[in-house]
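First the structure, in the form of structure tokens, and then the observations on it.
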Amino acid sequence: MNELLRLSALELGRKIQTGEVSAAEAARASLDKINGSELGAYITVSEDWAMTQAAAVQAKISEGALQSPLAGVPAAIKDNICTLDVKTTCASKILGDFHPPYNATAVDRMAQAGAVVLGKTNMDEFAMGSTSETSYYGPTRNPWNRGHVPGGSSGGSAAAVANGEAFYALGSDTGGSVRNPASFCGVTGMKPTYGTVSRYGLIAYASSLDQIGVLARTAEDCAGVLDTITGHDVRDSTSLNIPADGLLAGLTGDVRGLKIGLPAECFGDGLEKEVGDHVLAAAAVLKSLGAETETFSLPLTAYAVPAYYLIACAEASSNLSRFDGVKYGFRAEGCTDMADLHKKTRSQGFGREVQKRIMLGTFALSTGYYDAYYKKAQQARAAISGAYHAAFEKYDLIVCPVFPDTAPALGEALTDPLKTYLSDIYTVSVNLAGLPGISVPCGFDEKGLPIGTQIIGKALDDGRVLNAAHAYQQATDYHKAMPTEGGAQA
Amino acid sequence: MKITEEMVDYISELSRLELGSEDRARMAGELESVINYVELLNALDTAGIEPMSHVLQVKNVLRPDEVQPSLDRELLLKEAPERDAESFVVPKTVE
Amino acid sequence: MNWETVIGLEVHVELSTKSKIFCSCITAFGGDPNTHCCPVCTGMPGTLPVLNHQVVTYAMKAGIALNCDITRYTKFDRKNYFYPDLPKAYQVSQLYLPICVNGSVPIETAAGHKDIRIHEIHMEEDAGKLIHDAWADATKTDYNRCGVPLIEIVSEPDFRSAEEVLAYLEKLKSTLEYLDVSDCKMQEGSMRADINLSVREAGTSEMGTRTEMKNMNSFKAIGRAIEYEAKRQIEVIAEGGRVIQETRRWDENKDASFAMRSKENAQDYRYFPEPDLPPVEIDDLWFNQVKASLPEMAEQKRARYVADYALPEYDAGMITGQKALADFFEETVAGGSAPKEVANWIMGDLLRILKDKGIEARDMAMTPARLGRIIALIDEGKLNRNKGREVFEALFDSDADIDAYVKEHDLIQISDEGAIATSIAEILAENQKTVDEYKSGKTKVFGFLVGQTMKALKGKADPSVINAILKELLDS
């Protein structure tokens, strides 16, 4: 492996600023790695464009006009985030050959900071899934074991970062879709507080739950990327008026005196012992660094998954109605009238999981069922948020697992869809409450598959979450591991 | 609750999906399975709780009444599966 | 059997903001298809709405002027359905917390005064247009109109006749024009009415099955549609059938309504709160600012005209019925003309000419300054009233200089007593028989002699001088 690819994004950024490495060199190294990879992390690789961007960025850097910490660093973007004139598919047939005439705000901001975009990464279709197996373009493989999934829905982004095919990547997280693949692929994945990163240009799955997140090799890198893309956007009415940077500068590595809560409900039945042990060990590391850890009861955790699925599917059923074969994307042939056009296009264009969730969501919103299902779920959501709020009166951070197990084998999750939904137990409530949450690598299981630990903070306390993760990474090495070509630890 | 194939048909109609006859039965089963699971929420007493449709306490996000240039029509139409010089074309719609 | 018609109205009004409700595209009517669009209003993936401040203000103004309570915490909801003119396949509207509730609109008909209750007013976005291409046997969509802001004014089913409906619509139009929140042009679609109509036996309280009618492009069509549909429903029931709840489309050419295909029938819109738009909270400051910004409305003007100018109620009512007329009246009076005089001109010639030309006061070329000049010329004795009226009509659409016109056409009034006396003498000489008739007691013929004199003087003479001299000569 090209040693360059072992660097973190910020490390590479520094070398580019000093001139030790050029943007073109870095881009070339990433592209070579992608071209030689069998993981299927990317749907679209834009070689020419990447090299063009690298040259342009380098020119600015060389004249001292571009000094941001990530200038010239090659990155990947999940394929549900719109990129101007670059094919954007949501890993679905129904978007066809859609080339958006606009950038997502996050992409614009990355460009301003000198990012070099390598391409668009694979994902579960319309971000609906936790294994990236529902992609129309085929599955992505876990870099640590090709026979296993990389997690989802941002599986392509996680696999790319883990395998040196990008120095960082944007993903999206609606119920765990950044944190889950981060934990399966041994990288760091941060979902920021809802409203801190603009959703303009993120193709919506569930509007009140979606956030763009970051996958990278370190929490420090995540902070640096978030500094680039965070901040109010006039085009997104749900974006917050908050300072747009300061996360990286705010990392002290000091966790002394922090009160950390471990929810008992997250360490009970259903959790694989190895995973639980590693997460508790991670908490112990934080304790050894000066934090206080304590087990407590976080009520209502059992209601998070049903509430999540009802709300997410309801919003999705509406958000996905615009895909009708009229304005963009795929259109079915031989349609006799509008209703026929809609039905054939959508039935042929959407994969089965997407159709199922649309139907579930339509059901939950329909007359006679709205109160008992959708409204009930929104009430449960309020209660769950309240439970977190109460917890954060006592604790500064919450530590818990990301997923009950490590990465399943390809095809395994599809055999028991309900069990797969239930496995989102540790991640969905964070989205329901709009809180920040990060997954950091904390070891490997017996099979050599990565395990992640989740750190959750109260709303707008992203800095504290990142700092705890950073402190943990200064005391451990798990985040530095990279897979070999064959899949084992390098 | 029981999800019948008739209900699947109704939901399909509302969401403009069409399932083959085998798939209808299968979908009914899968939906029923998930719906039975989410009914777990009934055990939660939510009396008097305001449904949470926005997780943030944001309000009054407004913009001034100013015109900005529209998107060039060609950029809009170039993504269309079927179009003519000026518009999107769809199968004949009888009102 | 005595039948009663029960009608409720849903009136959609396009607000005259410069930009659309959720994006900054222009709202102007017309324009080449798909040239007033952007990724937001065409529902491209990943786009999000941002609410136009002015839309909320205009909706509040309308609500206050229509005697509604303003909902201080108001939200948007999604109404989900598929139709090619709706790019997102949902319309952002308001169901649960509409911005205005419980208003009323006072109307006057032949039967007297009545207050029509408003159930609610809500904000929503307009859809695009379908263009049917007979040649290609295809339909095309034009999204220019997508996202144009609308308020929907929903009445209670308080109407009992077409007359009441039309009085209400006139009142709404007048009120919204006064507020300057919409141009209310039915022919351009900036005001549309959907009619919910059912019939029942007079004296009963249970509602019959109602139908909904759409696509009436004028007040006249609305009147026709109501009469047609009431008659149709009565016939159906009288023949032992049942009225089907359905949406019907009015066909102007056939003077009849037809059931539409079931786009609207028994639709489940699956309303839920719009997650992309935070709620709007209207505090006292905002509310009071909007309330204070309301202009003097028709009722206040009418009372003022009656009190200050001693105008008859009827005249004051007619003039204040349209803002353009009221403005015209006030400006002409401000220019120095006597109020009663101006009112007479408006009530007489001006309204008649508008009716003949088929145009509205707000679109006319005649200006307060020009009418003022004509009135001044009459006051100064330079024009007699009839000639003044001729000039007014002749120059109604033009901007030609009035004084120049009067001179050019030799219209200046003849008041010279000598000249008039000479003319009278000639007329009397030519009409000895009539003079004898007058002197023998047939005083009616006086008018004939006045008329002949005026004719001889080419209509330009001061009639009061003719009268005075003629009387003097005849009675002597």
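Considering only helices (runs of 4 or more DSSP H) fully contained in the stretch C:318-367, which possess at least 2 residues that are closer than 20 Å to C:Glu380 by Cα and at pLDDT 95 or above? Give the derivation first.
Working: elements: C:323-334, C:339-345, C:351-357.
Because the criterion is at least 2 residues that are closer than 20 Å to C:Glu380 by Cα and at pLDDT 95 or above, the helices (runs of 4 or more DSSP H) in the stretch C:318-367 that meet it are C:323-334, C:339-345.
Go through (1) surrounded by 18 or more Cβ atoms within 10 Å (Cβ to Cβ); (2) more than 14 Å from every other protein chain (Cβ to nearest Cβ); (3) in contact with a helix residue (DSSP H, G or I) (Cβ under 7 Å, 6 or more places away or on another chain) one by one and return the number of the condition C:Glu229 breaks.
Among (1) surrounded by 18 or more Cβ atoms within 10 Å (Cβ to Cβ); (2) more than 14 Å from every other protein chain (Cβ to nearest Cβ); (3) in contact with a helix residue (DSSP H, G or I) (Cβ under 7 Å, 6 or more places away or on another chain), C:Glu229 violates only (3).
If I filter the stretch B:68-90 for residues that are of a type outside the set (Val, Ile, Thr) and in contact (Cβ under 8 Å) with a residue 12 or more places away in the chain, do I get at least one hit? Before the answer, list the steps.
Step one: of the stretch B:68-90, the residues of a type outside the set (Val, Ile, Thr) are B:68-88.
Of the ones still in play, those that are also in contact (Cβ under 8 Å) with a residue 12 or more places away in the chain are B:73, B:86.
Yes, the stretch B:68-90 contains a residue that is of a type outside the set (Val, Ile, Thr) and in contact (Cβ under 8 Å) with a residue 12 or more places away in the chain.
Among the residues of the stretch C:50-59, are any in a loop (DSSP other than H, G, I, E, B) and either at pLDDT 95 or above or under 28 Å from the mean Cα position of the chain (by Cα) (or both)?
Taking the stretch C:50-59 and keeping what is in a loop (DSSP other than H, G, I, E, B), we get C:50.
Next, from what is left, pick out any that are either at pLDDT 95 or above or under 28 Å from the mean Cα position of the chain (by Cα) (or both): C:50.
Yes; the residues of the stretch C:50-59 include at least one that is in a loop (DSSP other than H, G, I, E, B) and either at pLDDT 95 or above or under 28 Å from the mean Cα position of the chain (by Cα) (or both).
From the set of residues in the stretch B:66-95 that are surrounded by fewer than 19 Cβ atoms within 10 Å (Cβ to Cβ) and among the acidic types (Asp, Glu), which is nearest to the other protein chains (Cβ to nearest Cβ)?
Looking at residues that are surrounded by fewer than 19 Cβ atoms within 10 Å (Cβ to Cβ) and among the acidic types (Asp, Glu), I get B:Glu86.
Count, please, the residues in the stretch C:57-93 that happen to be among the aliphatic types (A, V, I, L, M), more than 20 Å from A:Glu315 (Cα to Cα) and buried (at least 23 other Cβ atoms within 10 Å of the Cβ). Can you show your working first?
Restricting attention to the stretch C:57-93, the residues satisfying the condition of being among the aliphatic types (A, V, I, L, M) are C:59-60, C:62, C:64-66, C:70, C:86, C:89, C:92.
From the residues that got through so far, the ones that are more than 20 Å from A:Glu315 (Cα to Cα) too are C:59-60, C:62, C:64-66, C:70.
Among the residues that remain, those that are also buried (at least 23 other Cβ atoms within 10 Å of the Cβ) are: C:59-60, C:62.
The number of residues fulfilling the criteria is 3.
Listed here are the residues, each with its yes/no results for (1) within 14 Å of chain C (Cβ to nearest Cβ); (2) modelled with pLDDT under 95; (3) part of a helix (DSSP H, G or I).
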{"residue": "A:Pro243", "(1), (2), (3)": "no, yes, no"}
{"residue": "A:Ala282", "(1), (2), (3)": "no, no, yes"}
{"residue": "A:Val285", "(1), (2), (3)": "no, no, yes"}
{"residue": "A:Gly290", "(1), (2), (3)": "no, no, no"}
{"residue": "A:Gly329", "(1), (2), (3)": "yes, no, no"}
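Mind checking whether some residue in the stretch C:65-74 is within 14 Å of another protein chain (Cβ to nearest Cβ), closer than 21 Å to C:Gln289 by Cβ, of a type in the set (Ser, Thr, Tyr) and not in a loop (DSSP other than H, G, I, E, B)? Outline the logic, then answer.
Residues of the stretch C:65-74 within 14 Å of another protein chain (Cβ to nearest Cβ): C:71-74.
Keeping just the survivors that are closer than 21 Å to C:Gln289 by Cβ gives C:71-74.
Of the ones still in play, those that are also of a type in the set (Ser, Thr, Tyr) are C:71, C:73-74.
Imposing the further condition that a residue be not in a loop (DSSP other than H, G, I, E, B) reduces the set to C:73-74.
Within the stretch C:65-74, one or more residues are within 14 Å of another protein chain (Cβ to nearest Cβ), closer than 21 Å to C:Gln289 by Cβ, of a type in the set (Ser, Thr, Tyr) and not in a loop (DSSP other than H, G, I, E, B).
Tally up the residues in the stretch A:297-326 that are farther than 20 Å from A:Arg357 by Cα and either more than 9 Å from chain C (Cβ to nearest Cβ) or in a helix (DSSP H, G or I) (or both), please. Quick ask: steps written out before the conclusion?
Taking the stretch A:297-326 and keeping what is farther than 20 Å from A:Arg357 by Cα, we get A:297-302, A:326.
Filter once more, so that each one left must be either more than 9 Å from chain C (Cβ to nearest Cβ) or in a helix (DSSP H, G or I) (or both): A:297-302.
The number of residues fulfilling the criteria is 6.
For B:Leu62, state whether it is more than 7 Å from chain A (Cβ to nearest Cβ), free of Cβ contacts under 8 Å to residues at least 40 places away in the same chain, within 30 Å of C:Ala59 (Cα to Cα) and surrounded by fewer than 18 Cβ atoms within 10 Å (Cβ to Cβ). Break it down stepwise before answering.
Working: more than 7 Å from chain A (Cβ to nearest Cβ): yes; free of Cβ contacts under 8 Å to residues at least 40 places away in the same chain: yes; within 30 Å of C:Ala59 (Cα to Cα): yes; surrounded by fewer than 18 Cβ atoms within 10 Å (Cβ to Cβ): yes.
In short, yes.
Any residue that is surrounded by fewer than 24 Cβ atoms within 10 Å (Cβ to Cβ), closer than 24 Å to A:Asp210 by Cα and hydroxyl-bearing (Ser, Thr, Tyr) - is there at least one of those in the stretch A:415-422?
Applying the first criterion (surrounded by fewer than 24 Cβ atoms within 10 Å (Cβ to Cβ)) to the stretch A:415-422 yields A:415-422.
Filter once more, keeping what is closer than 24 Å to A:Asp210 by Cα: A:417-422.
Then keep just the ones that are hydroxyl-bearing (Ser, Thr, Tyr); that gives A:420-421.
Yes, the stretch A:415-422 contains a residue that is surrounded by fewer than 24 Cβ atoms within 10 Å (Cβ to Cβ), closer than 24 Å to A:Asp210 by Cα and hydroxyl-bearing (Ser, Thr, Tyr).
Could you please find all residues in the stretch B:4-17 being part of a loop (DSSP other than H, G, I, E, B) and more than 8 Å from chain A (Cβ to nearest Cβ)? Give the steps one after another, and end with the answer.
First, pick out the residues of the stretch B:4-17 that are part of a loop (DSSP other than H, G, I, E, B): B:4, B:16-17.
Matches in the stretch B:4-17: B:Thr4 only.
For the stretch C:214-251, name all the residues that are aliphatic (A, V, I, L, M) and over 21 Å from the mean Cα position of the chain (by Cα).
Once the filter is applied, which keeps residues that are aliphatic (A, V, I, L, M) and over 21 Å from the mean Cα position of the chain (by Cα), the stretch C:214-251 yields C:Ala230, C:Ile234, C:Val236, C:Ile237, C:Ala238, C:Val243, C:Ile244.
Go through the residues of the stretch C:1-11 one by one and say whether even a single one is more than 10 Å from every other protein chain (Cβ to nearest Cβ), touching a His at 6+ places or on another chain (Cβ under 9 Å) and closer than 28 Å to C:Gln267 by Cβ.
yes
Pairs needed: first member in the stretch C:413-440, free of Cβ contacts under 8 Å to residues at least 12 places away in the same chain; second member anywhere, hydrophobic (A, V, I, L, M, F, W, C) and buried (at least 16 other Cβ atoms within 10 Å of the Cβ); C-beta distance under 6 Å; at least 6 residues apart or different chains.
Pairs found: C:Glu437/C:Val445.
Give the stretch C:423-447 a look and list any residue that's out of contact with any Leu (no Cβ under 8 Å at 6 or more places or on another chain), more than 26 Å from C:Val391 (Cβ to Cβ) and assigned to a helix (DSSP H, G or I), or say none.
As a first pass, look at the stretch C:423-447 and keep what is out of contact with any Leu (no Cβ under 8 Å at 6 or more places or on another chain): C:426, C:429-430, C:432-433, C:436-437, C:440-445, C:447.
Next, from what is left, pick out any that are more than 26 Å from C:Val391 (Cβ to Cβ): C:426, C:429-430, C:432-433, C:436-437, C:440-445.
Passing the criteria: C:Glu426, C:Ala429, C:Glu430, C:Gln432, C:Lys433, C:Asp436, C:Glu437, C:Thr443, C:Lys444, C:Val445.
I'd like the full set of residues that are facing chain B (nearest Cβ under 7 Å) and over 25 Å from the mean Cα position of the chain (by Cα), limited to the stretch A:374-392. Outline the logic, then answer.
Of the stretch A:374-392, the ones facing chain B (nearest Cβ under 7 Å) are A:375-383, A:385.
Answer for the stretch A:374-392, where residues must be facing chain B (nearest Cβ under 7 Å) and over 25 Å from the mean Cα position of the chain (by Cα): A:Lys375, A:Lys376, A:Gln379, A:Ala383.
The values are calculated or read from the model by the stated rules, or taken from the named source; none is laboratory data. All values derive from a computational prediction rather than experimental measurement. Note: ideal-geometry Cβ built from the backbone for every residue, glycine included; neighbour counts use all protein chains shown.
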